[in-house]
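Since every read-out is calculated from the coordinates, none of them should be taken as a lab result. None of the values given here were measured: they were computed from a predicted structure. For neighbour counting, all protein chains shown are included, and Cβ atoms are generated from backbone atoms with ideal geometry for every residue, glycine included.
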Amino acid sequence: MMNSVTRKAGFGAVTAFGVILIATNAGTVFAQGGLPEGFKKGELAAEPSAEMIEAGKRVYFTKCVWCHGVDGAGDGPGADRLWPRPRNFNQGTFKIRHTASGELPLFDAKKPVAGQNDLFETVTHGLPGSAMPPWEGILSEEQRLQVLSFVTTQLVKDRKFTDKQSESQTILNLAELKPKAASEESKKRGSELIVEKKCVECHGMEGRGDGNAFNLKDDWGFSIQPANWHKCWNFRGSRQDPYNVSNIFRTFSTGVNGTPMPSFADNTSVDERWDIANFVNSLCERDAEGKPLPIDPLSDKPKINFVIPSDPVEGEIPADIEHEAWQKAPKRYVAMGGQITHKPRNFVNRIDDIWVRSLYNDKHIVYLVEWDDRTKSVAEAKLPWAPTQVNIDIKEQEPKTGEEGSIASNQNKYAVYNDAIAIETAVKWKELPSPIKPRYLFGTNEQFPVDIVKWEADGSVRAFLGTGWDKDFVERDTYEENLKVLKGEWKNGRWYVMIQRPVGNKKDQDYDEDTFFEVGQYIPTVFFAWDGHNGDAGRKMAVSAFYYTFMNPPIPQETYIYPVVIAFGVVLLEGWILTRRANRKKGKTL
Amino acid sequence: MKALMSLGALVGAMGLLLLAGMIFDVVPSNTVRLVEGYMPMQMLIEVACYVAGFTGLSFMLSAMGMPMPRFWQGIGFWLFFMLYLKFRVYPPIPFSVRAMYGTVSMVAVFMWISASEEDWKKFKQPIMNVLDAQTGMNKMMRYLYLVLIPILVGGFSYNAMVPKSEEPVELRTVHPAPPASTKVHGKTYVLQTSQSPYRVNPEGKYDQEYSNANIVEQGMGRLMKPNANPWDDKNQGYLKYVREGGEIFFQNCHFCHGDNLNGRGLHAFAFNPIPANFTDPGTIAQLQETFIFWRVSKGGIGLPNEGFPWASVMPPWEQHLTVDEIWKVILFEYWHTGYYPRTWD
């Protein structure tokens, strides 16, 4: 009944924008007793026992205090270098809940039932994309309930989990709401609804979190960014099950307390919420066949393959991503971490992955690098140090600044530099035995240097030589004319950059300074990335581990011939055995 | 005896179902968690359970009058072992290592089935039957094999020859040999004789017994001793410095080594190999405090030449921390994991 009302409202919305407001307002859906659709009334849980609280204190002061602080104000010693900052428990504001917007989350010290104990699940599964790890397997179930008993009674100070006067529980009845099948129709309706419900204003046209990314603040005044729907493994509420549409449905229904993300329970029907959740879920990165990416249970991120295959093409390498060759080329996930060996160290790393494809022909190899960056940054300020400088003596932010000076409160206030990407490959990698990689970040020494090609958002492309971990780079002006940027485009929160370089040959290039790319060999490759609005410049950047570029050789003819020859040999062998056996039985000897 | 055997059969059947579930992705392979640090023992026990289960199963089958031929027992067990290695063990083992285990287990299975002349005959019998092809069924089988084997062999060799880009296997020196002494912030520390200046009792005297008595307890959660809270303001000596070390750890180290010192920090997923896991009994628990002092101060760049393949991006912390801070961090790491540093005597 309710569904049909809103469905009609939904159809009306598509035909005329003016109708929407009236229709959705008229169709504002309330189930019995003024509750939003899909919700039911719940009871406040009983207060945990004094023993639980006391035991929880011991857990808290062993494990949690380091980030969340002695008073639970989210101001522990680790807090100032984290973004997002650790939760301040005092106000009782918690993000991931089954309860209506503004209400306290579900917590019952006696009942670790899935879907009915929000805080327990947060501690169990952690909050991906933040520094909060999953504590399952580290703390026992009992210990997790104990520490939450301590937090909810002693550290939540402004509200009381058991106070019937001021608190209520309106619970999203997720267990009884069957997910709607993710049909094309449902996803299409979802894609219309996210425009209609203004989701795109913050989350961006493609859902990369690039909409109103800059001006958002949480309840404590710290900068905060809208979720990137393409990285579902970073959803705080993903509960280590990122492709599960129910998580998105829950977050959309209950909102994220303390942030600008509201609850949409009051102005969408359950059916509409499933459509939106299905659409958002469909945006998350998938493999070439459209299946969810395999997630590594140890890191809760996509599994990593360290080989970046490069496919051969005849003639010119196309500069158009839509070209068949690029569409067919395997796309690899490259994980990025903050560079924290050299000053200025990058504790808050905003580029946590890039996607790489590669093609080659007889003269060139092209890398297509794509990565999500909420802001296009082209330098407004002059870099305070030379681009070749590795050892920079710079005063870093103190780790004990308090909230005022912390990274979280100064995020988005940096001087803006260029977004950039660099590809580092080993020179003379052949002289290092196969799995051995050059030493450390910027090459081993003069004898085994690395070749660094860097593209910046102002369109420049430069080449450097790295000759050691703490040696300044050498700028290679003579090599730059060999490099070509086939594409450098920022669109809806994503960079698409195509860099072409020579594969190298003894005639035109220098074996001691250039990487020579050889077909069928593993060439150690590292990626660096900079987010200009994060203050990334110089060595403040994101780094990957060592990957391998592997140029797939065309399949040689022998591959087809030899197996046939071998199979034929086996047939002969079989014949011989059988004859021998038969003769033996007849009493003859061969 | 029979009751025991039927229990074994139950275990075997359930175990097989579980493994089959894992192979077909019905049961997630982390249903029974492999606990870090205890994984080898856990796997041995698991395999032992399976073996007991199989004994029970085959006993029950023959008791029910459907004995399993020795031929299939041998092949079945070997297959089981290979599947177990491939689908149960996480993180996955590279193929080359699995091939090694496969060969060894094949030899073991051969030794088992050829333990006596009679056993060996029993094993050979089905092969001979097919070769001789006395019955119609066996004749069919023989022709089937005649066609299938060349196709399979051809297919495998094609597969082996098609150019592939599998990740090369990387080995790593876990604990490279330390130098005799190390120079940090202009002062030389002899690894054999140096001592942590903060492993002291409330009176300020170096006191290993006192500090060992105040580390966190082993066991689930590794919680602090009830009366040894480093956050107690009245602390003097060891526990006070543990807290200071913890502050430094959570401002510098946890990004890689993780909130629980298990090498699963915020940035850890991007590195290969992932950062060291201090809760593993194979890392700091095996080393002297001064060894850690050297590694922390000099970082990945300070690894000796034989520390191939140089896969560490650990910063030389002497560039970011003072000597005192480094000692305190080490103190905290031992406290938080509940391990004692190894001593020279």
- [ ] Once you have all Cα-Cα distances for chain A, histogram them in 10 Å bins from zero and send the whole-percent values.
- [x] 3, 14, 22, 21, 17, 11, 6, 3, 1, 0, 0
Open item on the list: Please list, by residue number, everything in the stretch A:277-304 whose backbone N is under 18 Å from a paramagnetic label point 7 Å out along Cα→Cβ of residue A:327.
Closed with: A:286-291
Task: Unit charges on C-beta of K, R, D, E only; dipole of the protein assembly as shown, Debye - done: 2900 debye
TODO: Between B:108, B:133, B:99, find the one with the highest GNM mean-square fluctuation for chain B; connect C-alpha pairs within less than 10 Å.
DONE: B:133
TODO: Place +1 on the Cβ of every Lys and Arg and -1 on the Cβ of every Asp and Glu in the stretch A:373-531, take the dipole about the Cα centre, and give the residue among A:415, A:402, A:524 whose Cα lies farthest towards its positive end.
DONE: A:524
TODO: Within the stretch B:269-345, report the GluC sites (Glu not before Pro) that DSSP leaves as loop and that have at most 13 other Cβ atoms within 10 Å.
DONE: B:306
TODO: Describe numerically, in nm with one decimal, the distance between label points set 7 Å from Cα along Cα→Cβ at residue A:319 and at residue A:385.
DONE: 3.5 nm
- [ ] Just list whichever of A:40/A:187; A:110/B:234; A:57/A:395; A:428/B:86; A:41/A:197; A:198/A:231 have alpha carbons separated by over 29 Å in the model shown.
- [x] A:110/B:234; A:57/A:395; A:428/B:86
Task: Pairwise label distance in nanometres, residue A:485 with residue A:158, each label 7 Å out on the Cα-Cβ vector - done: 4.6 nm
Task: Alpha-carbon centroid distance for the pair the stretch A:85-113 / the stretch A:175-200, whole angstrom - done: 26 Å
TODO: Compute the signed sum of charges (Lys and Arg +1, Asp and Glu -1) over the other residues within less than 13 Å, Cβ to Cβ, of residue A:503.
DONE: -1
Task: About the Cα centre, charge dipole magnitude for the stretch A:50-172 (Lys/Arg +1, Asp/Glu -1 at Cβ), debye - done: 160 debye
Task: Potential extension, residue B:205-residue B:68 segment - 0.36 nm per residue separation minus Cα distance - done: 42.3 nm
Task: Estimated vicinal HN-Hα couplings, Hz - the stretch B:154-167 in sequence order (Karplus 6.51, -1.76, 1.60; Gly, Pro = x) - done: x, x, 4, 5, 4, 4, 6, 8, 4, x, 10, 10, 7, 5
Task: residue A:241-residue A:401 FRET efficiency (beta carbon distance; Förster radius 35 Å; 0.05 resolution) - done: 0.45
- [ ] Place +1 on the Cβ of every Lys and Arg and -1 on the Cβ of every Asp and Glu in the protein assembly as shown, take the dipole about the Cα centre, and give the residue among A:550, A:193, A:426 whose Cα lies farthest towards its positive end.
- [x] A:550
Task: Two-decimal Rg/Rh across the stretch A:179-260, once Rg and the Kirkwood Rh are taken from alpha-carbon atoms - done: 0.97
Open item on the list: Just to verify a number: FRET efficiency for residue B:232 and residue A:46, C-beta to C-beta distance, R0 = 30 Å, to 0.05?
Closed with: 0.45
- [ ] Work out the length of the dipole vector of the stretch B:181-337 about its Cα centre, built from +1 on the beta-carbon of each Lys and Arg and -1 on the beta-carbon of each Asp and Glu, and round it to the nearest 20 debye.
- [x] 160 debye
Task: the stretch A:506-541-the stretch B:201-248 distance, computed between alpha-carbon centres (Å) - done: 46 Å
- [ ] Could you check which residue among B:248, B:292, B:127 shows the biggest mean-square fluctuation in a GNM of chain B with a 10 Å Cα cutoff?
- [x] B:127
Open item on the list: Ratio of alpha-carbon Rg to the 2.2 N^0.38 Å globular estimate for chain B, to two decimals, please.
Closed with: 1.39
Task: Relative contact order, percent, the stretch B:2-151 [alpha-carbon distance under 8 Å, six or more residues apart] - done: 23 percent
Task: Pairs of Cα atoms farther than 17 Å apart, the stretch A:337-416, % - done: 67 percent
Open item on the list: Whole angstrom only: what separates the Cα centroid of the stretch A:406-471 from the Cα centroid of the stretch A:219-285?
Closed with: 36 Å
TODO: Compare the Cα positions of B:340, B:300, B:133 along the charge dipole of chain B (+1 at Cβ of Lys, Arg; -1 at Cβ of Asp, Glu; about the Cα centre) and return the one farthest towards the positive end.
DONE: B:133
Open item on the list: Take residue A:113 and residue A:573, extend 7 Å from each Cα along the Cα→Cβ direction, and tell me the distance between the two endpoints in nm.
Closed with: 6.3 nm
- [ ] Net charge near residue B:134: determine it from the other residues with C-beta under 13 Å of the C-beta of residue B:134, scoring Lys and Arg +1 and Asp and Glu -1.
- [x] +3
Task: Tail weight of P(r) past 25 Å, computed on alpha-carbon pairs of the stretch A:50-172, percent - done: 16 percent
